Each structure stands twice: as structure tokens, then as C-alpha cells.
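For reference, the structure discussed in these notes is given below.
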Amino acid sequence: MRHGLAFALGYLRHPRRVGAIAPASKALAQAILIEVMRSDPRILIEVGAGTGAITRALLPALARIERFMVIERDPGFAQLLCRNFPDLEVLNHCATRLDALDIEAQCPVTVVSSLPLLSMTREEAHGCIDAMVALIESRPGSRLIQYTYASPHLRPFNDIPIGWRWRRAASIWANLPPATVWTLEQASHPSSHTHNGFH
């Protein structure tokens, strides 16, 4: 099954969970890879992988990490990911179950989220956000990379822990629709600590 058709079928099944009208572009995927490679996480976790457009772009990171885990809630997308990436850990789970992953305590992770947080129901979005933030907050050196299709000045979400901040990593105007890549990370200077994440 071609990725475009698989994506369209997934959108028709659950439009709020897909959140876009086309898979992520190569330009967006490359921007996310560049942001991932800015640090050396031991574990890379992709959440909401869909048809694998971002997953494929992240494969070069395998040379620098110990594990690459792919989380996808939609059974059809999860099966497609298993077929296309047989060497990766693909889990047909919801992002709210990140706390159940077998990850060594204090092990730094980078989470790449393709979840359409701004189009999901508030309850679903909050559950996923809480799980992702809890995972990175408990592991020093961890980060969350989230891209959005909203205004380039609109953070993915504002309720972040004290001592963390959003950094706008890239704006991809060639994507359909245009996208912004954000990174949630620990603030490097005490003066920049805030609870609402506006930097």
C-alpha cells in the first residue's frame, strides 16, 4: 500500500488524530533530523509515527543512539511501520502509555512527537502531553521535539515545568501546510526559568 493512500485512509478513520492533509514533507523530516542530531540521546522515541515519513528520515540517527522506539496508536499505521522498518521497535500503543516503556531510569531520551495536539480533543491532548512531559522531566538531558501546523509563534502547549522552555528550531514553509519545529528543553540559564514557556 502506497504511503499516500495509507495516510488518506488513516485521515478518514480518525481526522483529529492525523491532523494534516498530507504526510510530512522531506524538508520537514530533514529539519527534525537536524534538531535530533543536536544532542546525543541514548534513546530516541517517535510518537505518532503515522506512515513513517519522519521515521525514515530519522534512520541516520541510529549510528549515535542505543534504541529507536516508534509509537503508533492506529493499528493500520502500526502494521505498515512494522513492515517498512522491521529492525525498529514498533509499538501499537497510545502516547499516554509512555510510562510503561522499559527504559532505564535517568536515561536521557529525545521524544519526537508528530501528534496533532492542537486538533485533538482536549482530554486526549492533555493525556499525551502529561505522559511526554513526565518522561523527559524525570531524565536529565532529555528533550521533546514537536512540530505544529499553527502560527509559527504559537507554542505546542504552554503548561510546562518550571526550568523548561520552548525553542523554535525551524519553520518549514514548503510543507503542506507550513510547519514549525519546536523543542522543549531545560533552560540553560536560571533567569530564563518560567512556567508558561514563552521565550
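Here are a few things to note about the model shown:
- Qualifying residue in the range 51-70 (condition: among the charged types (D, E, K, R), closer than 14 Å to V90 by Cα, at pLDDT 95 or above and surrounded by 23 or more Cβ atoms within 10 Å (Cβ to Cβ)): no
- The range 140-159, residues that are among the charged types (D, E, K, R) and either out of contact with any strand residue (DSSP E or B) (no Cβ under 6 Å at 6 or more places or on another chain) or farther than 24 Å from I43 by Cβ (or both): R155, D159
- Whichever residue in the range 34-50 is surrounded by 17 or more Cβ atoms within 10 Å (Cβ to Cβ) and touching a helix residue (DSSP H, G or I) at 6+ places or on another chain (Cβ under 8 Å) and, among such residues, is nearest to R97 (Cα to Cα): V47
- Scanning the range 116-144 for residues that are aliphatic (A, V, I, L, M) and touching a Pro at 6+ places or on another chain (Cβ under 9 Å), we see that the one that is modelled with the lowest pLDDT is L118.
- Taking the conditions (1) at pLDDT 95 or above; (2) closer than 22 Å to L184 by Cα in turn, S39 satisfies each one other than (1).
- When R165 is tested against (1) of a type in the set (D, E, K, R); (2) modelled with pLDDT of 95 or more; (3) touching a Cys at 6+ places or on another chain (Cβ under 7 Å), only condition (3) is not met.
The values are calculated or read from the model by the stated rules, or taken from the named source; none is laboratory data. As the structure is a prediction and not an experimental result, all values here were calculated from the model. Every residue, glycine as well, gets a Cβ built from its backbone with ideal geometry; the counts of neighbours run over all protein chains shown.
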